[in-house]
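A quick write-up on the structure given underneath.
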Amino acid sequence: MTVTDETEVSMALDVAAVRSDFPILTRDVAGVPLAYLDSANTSQKPRAVVDAISDHLLRHNANVARAMHTLGAEATGAFEAARAKVAAFVGAARPEEIVFTKNASEALNLAAHTLGAGLRPGDEIVVSVMEHHSNIVPWQLLAQRTGATLRWFDITAEGRLDLDRARAEGLVNERTRIVSLTWVSNVLGTVNPVARIAGWAHAVGATMVVDGSQGVPHLPTSVAELGADLLAFTGHKMLGPTGIGALWGRYELLASLPPFLGGGEMIEVVRMDGSTYAPPPHRFEAGTPPIAEAVGLGAAVDYLTALGMDAVAAHEREITEHLLTGLSQTPGVRLLGPADLDDRGGAVSFTLTTADGFEVHPHDVMQLLDSRGVAVRGGHHCARPLHDRLGIATSTRASSHAYTTTAEVDRLLDALAYTRDFFGGAR
Amino acid sequence: MSMEQLYQDIILEHYKLKSHSGRREPFGAEVHHVNPSCGDEVTLRVDLADGRVRDVSYDGVGCAISQASTSIMSDLVIGQPVADALRLHDEFLALMQSQGKSEPDEDVLGDAVAFVGVSQLPARVKCALLGWSAFKDATLRATAEEDE
């Protein structure tokens, strides 16, 4: 066996073994085994994550940073160890570059509030039309507060950022203060050339914010390679619990930013005539944080690291290929987003039309798939501007993670044909 | 519940038929209702005359449940005295809130009894109610306009 072969063997994911760590995947829905294809919405949790949370709450629970007793030291140690694990997972230079938030939305709001403190009329903020609402609305609010202008990247017919048009329009220019882009689209699956856009942003002195919600859970992450200044992501999409997310930031940048929420934990000295603030990350973590949730996220990161993110990404690529091929061979399906695997993530959205030309609404698709045990998401996926841009109201989305099988994809494809014929009068 | 019980033939027929769709003049009030979670929308007009519902017209996008429900609603209320039409709304609302426990009266609700299965699915109840809620809202506004 050559070295290359050994690498390939060690890279391959044992899906059956992975699935055995997720008890929920053995349950029935509607009398048939569950086929969970909604991981872009939220991922399932391995037993190790649930056990870590349970163990923490049952054996080590105390408040962090202020309780001086043994349990307080254990809880603080567990919380800060989780921070270090998450930092290592994204390639941060030091644990203090990770700010814990309750989710990616809060992380992006934190970024908008603190980065935006100095914005003035005439300044420009750049996003894209493919963003999740959580990477649009905080910037709209910031623009309203400061008089800054919000601009955005358009997309090409293939569902990629329209870089030519952006260049022609001078989208990123000397007035640009902030560029905030998703790494991987939650609808189209497009992997954006973040490092390249970060180069544009940095060339004009702007700060590069990246929404990593659909990237960090699925791809090996290096903040240095991404070229980001701030990276937001959330725990529940990466096998961790809800209620915990993170904002990674370059330490010098974080240290230059004002506080976000005020309260306990984020202060240095409080006097009635004024206060000073803690250094990052605690400056941005007012109040008692989600401690057990952070411990759970640490366990999720351990689990993913043990699988190997290269192996996770390779597995999801295989699933996505199977899904793209199957959908392209299913009459009535119109795929949104790139049809090939180049720079493509695992979220695959589509519309479904009956033989008599009726577009089946995603909620009806979802209902029929659910009756066959297949869980997908239907709607605008919190990306209504993107759907407007595509000229459709809503779509159906299938998405995968490390535990997804090609057999589950096949069940989706069968159920889609059934749904199409059901609404096409052939039931 | 089977999908055939949920999506009864009458629902699929009205989904494609969309009775009385397309916004028309004249009208006493126009409202726009949305389900923010799913993106279903309806813009609905009501025209009242002599204490009756003279016309209901609308444009909408949404699932089979919401579109068919709006279509059936318009068939049921057009031509009815306003008070009777609003009572129908209340009857339908009660059916939707019954969690499948109610035995709807077809003599009262007509084709709208086909939505009895929807009442067992909390996530879809708001789909079935979208057009009805818009109708009630528009009717109350049109009534207020007439009173002024």
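A:Gly425 fails exactly one of the following numbered conditions: (1) surrounded by fewer than 18 Cβ atoms within 10 Å (Cβ to Cβ); (2) more than 14 Å from chain B (Cβ to nearest Cβ); (3) closer than 20 Å to B:Cys63 by Cβ. What is the number of that condition?
The number of the failed condition is (2).
What are the pairs with Cβ atoms under 6 angstrom where one residue, in the stretch A:29-51, is under 17 Å from A:Val301 (Cβ atoms) and the other, located anywhere, is polar (S, T, N, Q) and surrounded by 15 or more Cβ atoms within 10 Å (Cβ to Cβ)? Sequence gap at least six, or different chains.
The qualifying pairs are A:Ser39/A:Ser399; A:Ser39/A:Ser400.
Of all strands (runs of 3 or more DSSP E) completely enclosed by the stretch A:107-183, which ones contain at least 1 residues that are outside the structural domain of A:Leu336 (by TED's automatic domain parsing) and within 26 Å of A:Met266 (Cβ to Cβ)?
Fully inside the stretch A:107-183 and qualifying: A:124-128, A:176-182.
Which one is modelled with the highest pLDDT among residues in the stretch B:112-124 that are surrounded by fewer than 19 Cβ atoms within 10 Å (Cβ to Cβ) and among the hydrophobic types (A, V, I, L, M, F, W, C)?
It comes out as B:Leu121.
Filter the stretch A:388-406 down to residues that are touching a residue at least 40 places away in the same chain (Cβ under 8 Å) and not in a loop (DSSP other than H, G, I, E, B) and give me whichever is nearest to A:Ala347 (Cα to Cα).
Taking the candidates together, the pick is A:Ser399.
Only strands (runs of 3 or more DSSP E) wholly contained in the stretch A:288-382 count here; list those with 2 or more residues that are more than 21 Å from the chain's Cα centre (by Cα).
A:333-336, A:348-353
Picking from A:Leu416, A:Leu390, which residue would you name as being buried (at least 18 other Cβ atoms within 10 Å of the Cβ), away from every other protein chain (no Cβ under 12 Å) and modelled with pLDDT of 95 or more?
When all the criteria are applied, what remains is A:Leu416.
From (1) farther than 15 Å from B:Trp132 by Cβ; (2) more than 14 Å from every other protein chain (Cβ to nearest Cβ); (3) modelled with pLDDT of 95 or more; (4) out of contact with any helix residue (DSSP H, G or I) (no Cβ under 8 Å at 6 or more places or on another chain), pick out the condition that doesn't hold for B:Arg87.
It is condition (1) that B:Arg87 fails.
Taking the stretch A:366-380 only, how many residues are of a type outside the set (A, V, I, L, M) and more than 10 Å from every other protein chain (Cβ to nearest Cβ)?
The qualifying residues number 2.
Across the stretch A:393-407, what is the number of residues that are within 30 Å of A:Tyr303 (Cα to Cα) and either within 13 Å of chain B (Cβ to nearest Cβ) or surrounded by 22 or more Cβ atoms within 10 Å (Cβ to Cβ) (or both)?
Matching residues across the stretch A:393-407 total 9.
Would you tally the residues in the stretch A:354-364 being more than 9 Å from every other protein chain (Cβ to nearest Cβ) and either buried (at least 22 other Cβ atoms within 10 Å of the Cβ) or on the phi > 0 side of the Ramachandran plot (or both)?
1
Here is a yes/no grid of residues against (1) free of Cβ contacts under 8 Å to residues at least 24 places away in the same chain; (2) buried (at least 24 other Cβ atoms within 10 Å of the Cβ); (3) over 26 Å from A:Cys382 (Cα atoms):
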position: B:Ala49; (1), (2), (3): yes, no, yes
position: B:Asp55; (1), (2), (3): no, no, yes
position: B:Ala64; (1), (2), (3): no, no, no
position: B:Ser74; (1), (2), (3): no, no, yes
position: B:Gln80; (1), (2), (3): no, no, yes
position: B:Glu91; (1), (2), (3): yes, no, yes
position: B:Gln99; (1), (2), (3): yes, no, yes
position: B:Glu106; (1), (2), (3): yes, no, yes
position: B:Gly110; (1), (2), (3): no, no, yes
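Identify, please: which residue in the stretch B:11-59 is within 10 Å of another protein chain (Cβ to nearest Cβ) and in a strand (DSSP E or B) and is, among those, modelled with the highest pLDDT?
The extreme case among them is B:Glu41.
What's the number of the condition A:Leu141 fails, among (1) over 21 Å from the mean Cα position of the chain (by Cα); (2) within 23 Å of A:Gly215 (Cα to Cα)?
Going through (1) over 21 Å from the mean Cα position of the chain (by Cα); (2) within 23 Å of A:Gly215 (Cα to Cα) one by one, A:Leu141 breaks only (2).
When the residues of the stretch A:127-179 are narrowed to those that are closer than 20 Å to A:Arg384 by Cβ and acidic (Asp, Glu), which ends up surrounded by the most Cβ atoms within 10 Å (Cβ to Cβ)?
The extreme case among them is A:Glu131.
If I filter the stretch A:89-102 for residues that are free of Cβ contacts under 8 Å to residues at least 60 places away in the same chain and in contact with a Ser or Thr (Cβ under 6 Å, 6 or more places away or on another chain), do I get at least one hit?
Within the stretch A:89-102 (the criterion being free of Cβ contacts under 8 Å to residues at least 60 places away in the same chain and in contact with a Ser or Thr (Cβ under 6 Å, 6 or more places away or on another chain)), the answer is no, since none of the residues qualifies.
Tally time: how many residues in the stretch B:60-84 are assigned to a strand (DSSP E or B) and away from chain A (no Cβ under 14 Å)?
1
If I filter the stretch A:96-105 for residues that are buried (at least 20 other Cβ atoms within 10 Å of the Cβ), of a type in the set (S, T, N, Q) and part of a helix (DSSP H, G or I), do I get at least one hit?
Yes: the stretch A:96-105 contains one or more residues that are buried (at least 20 other Cβ atoms within 10 Å of the Cβ), of a type in the set (S, T, N, Q) and part of a helix (DSSP H, G or I).
Give the residue, chosen from A:Ala255, A:Ala246, that is outside any loop (DSSP other than H, G, I, E, B) and surrounded by 24 or more Cβ atoms within 10 Å (Cβ to Cβ).
Only one candidate qualifies: A:Ala246.
Suppose the filter is among the basic types (Lys, Arg), assigned to a helix (DSSP H, G or I) and on the phi < 0 side of the Ramachandran plot; does A:Arg411 pass it?
In short, yes.
Tell me which residues, restricted to the stretch A:214-235, are touching a strand residue (DSSP E or B) at 6+ places or on another chain (Cβ under 8 Å) and over 19 Å from A:Ala311 (Cα atoms).
A:Val223, A:Leu226, A:Gly227, A:Ala228, A:Asp229, A:Leu230, A:Leu231, A:Ala232, A:Phe233, A:Thr234, A:Gly235
From the set of residues in the stretch B:21-44 that are among the aliphatic types (A, V, I, L, M) and under 20 Å from B:Cys63 (Cβ atoms), which is surrounded by the most Cβ atoms within 10 Å (Cβ to Cβ)?
Looking at residues that are among the aliphatic types (A, V, I, L, M) and under 20 Å from B:Cys63 (Cβ atoms), I get B:Leu44.
B:Leu95: on the phi < 0 side of the Ramachandran plot, touching a Pro at 6+ places or on another chain (Cβ under 9 Å) and either hydrophobic (A, V, I, L, M, F, W, C) or not in a helix (DSSP H, G or I) (or both), yes or no?
So B:Leu95 fits the description; yes.
The values are calculated or read from the model by the stated rules, or taken from the named source; none is laboratory data. This structure is a prediction, so every number in the text was calculated from the model and none was measured. Note that each Cβ is placed from the backbone with ideal geometry, even for glycine, and that neighbours are counted across all protein chains shown.
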